[in-house]
Amino acid sequence: MQAPKIVSSWWSPRLVILAIVGAVAVALLAGCGAVDTPQTALFPRSDNNQVINDLFAPLTWLAIVIFVLVQGLLMYSVYRFRVRDDDDSIPPQVHGNTRLEIAWTLAPSIVVVIMLILTYQAMAQIEAAPPDDALRVRVVGHQWWWEVHYLDHDVVTANEIHIPIDRAVYFELESNDVIHSFWVPRLMGKRDLMPGSTNTIWFTPSEEGLYAAQCAEYCGTAHAQMRFHVVVESETAFNNWLAKQQEPAAEMTGDAAEGASLFISRACVTCHTIRGTDSIGTIGPDLTHVASRAYLAGGIMENTPANVSDWLSDPQGLKPGNKMILPVELSSEDIRLLTAYIRALR
Ligand code: CUA
């Protein structure tokens, strides 16, 4: 008796093509759900980021056209010249066709030249010298936080960079340890912070707001928690902020004053600077006006009393590997007083 024939009639070339087109469409459309997100680079809010986006868009469309053309031809050929039961002849061969070979050498070359010209135009704009009145800010990367110096204003802060709208800001980027990468997706492309040399980048922000940003180069255990924020604000608001940052720490009273004494008597003093006090450590962030910042601990959590308290209780649990290692665990009363102090450093 003959074995039953296995029939594989559930698929056909048309079905496979349909499945591929469907999968590609789903993948593309899935991206449309959340386009205007805080970390998107597709909706630029600065002049130079706009230049990058204006380069990205035509290159992407060019790639899409080429992709569709090449894959379309491929799929057409696979389908059109498939093996048929009633015909075992070989389709026409084009090997050695000089005209075709010249065409498919010339066409990609032209595409590459177009890409080269567009890219050089964009590079010339973003690598040009910044305007003379640009605000100069030096950013030093540390494992895993950002030290921020306003070079013309004697201001040092951390993890939050205030800049005025419609004025160019020129960043000098350095590293204290390993390679980091400075990235504010909506304001500018990435640029590395290299130990032993200075990289620069500049842009002019065009819309006020709080911009999420982060380190974009793997730099060790807490790389993912090396975040920061850029605050773009009106010139008046920026000048007020700058004036406030230039002041030494405020005089403390009550719990905050007790917290200030604790800060000096405990290990805190060895790592942090609080201008106007005896605390002049430089291993960790300058805390002179830490309460004025929106986020804590390298941008990982909002600056609320509860979060300050949680951070003081367990910095290693919240950000494993960071350099804030408490030699002696703080009592809950110590944490309460230190939190009062930190929150008063406006
Ligand atoms: Cu710094 Cu990743």
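No lab work stands behind these numbers, since they all come straight from the coordinates. The structure displayed is predicted, hence computed values, not measured ones. Every residue, glycine among them, receives a Cβ derived from its backbone with ideal geometry; neighbour counts consider all protein chains shown.
Restricted to region 130-187, and to residues that are within 16 Å of the ligand (Cβ to nearest atom) and in a loop (DSSP other than H, G, I, E, B), which residue is nearest to the chain's Cα centre (by Cα)?
Pro185
For region 62-81, check the following and say yes or no: at least one residue is in a loop (DSSP other than H, G, I, E, B) and closer than 28 Å to Ser12 by Cβ. I'd like the intermediate steps shown before the answer.
Our first condition is that a residue be in a loop (DSSP other than H, G, I, E, B); within region 62-81, this holds for 81.
Subset that is closer than 28 Å to Ser12 by Cβ: 81.
Yes; the residues of region 62-81 include at least one that is in a loop (DSSP other than H, G, I, E, B) and closer than 28 Å to Ser12 by Cβ.
Give the number of residues within region 269-291 that are among the small types (Gly, Ala, Ser) and in contact (Cβ under 8 Å) with a residue 60 or more places away in the chain.
Pass one, region 269-291, residues among the small types (Gly, Ala, Ser): 276, 279, 281, 284, 291.
Still in the running and in contact (Cβ under 8 Å) with a residue 60 or more places away in the chain: 284.
Count: 1.
Residue by residue, here is whether (1) of a type in the set (A, V, I, L, M, F, W, C); (2) in contact (Cβ under 8 Å) with a residue 40 or more places away in the chain holds:
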site	(1), (2)
Thr40	no, yes
Asn49	no, yes
Leu59	yes, yes
Val68	yes, no
Ser77	no, no
Phe81	yes, no
Gln93	no, no
Asn97	no, no
Ala103	yes, no
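Sort out for me the helices (runs of 4 or more DSSP H) sitting completely within region 230-330 that have 2 or more residues that are buried (at least 16 other Cβ atoms within 10 Å of the Cβ) and touching a helix residue (DSSP H, G or I) at 6+ places or on another chain (Cβ under 9 Å).
On the way: elements: 235-246, 254-265, 268-271, 305-313, 315-318.
Qualifying helices (runs of 4 or more DSSP H): 235-246, 254-265, 268-271, 305-313.
Can you tell me which residue within region 205-220, out of those that are buried (at least 21 other Cβ atoms within 10 Å of the Cβ) and more than 16 Å from the ligand (Cβ to nearest atom), is farthest from Pro44 (Cα to Cα)?
Tyr211
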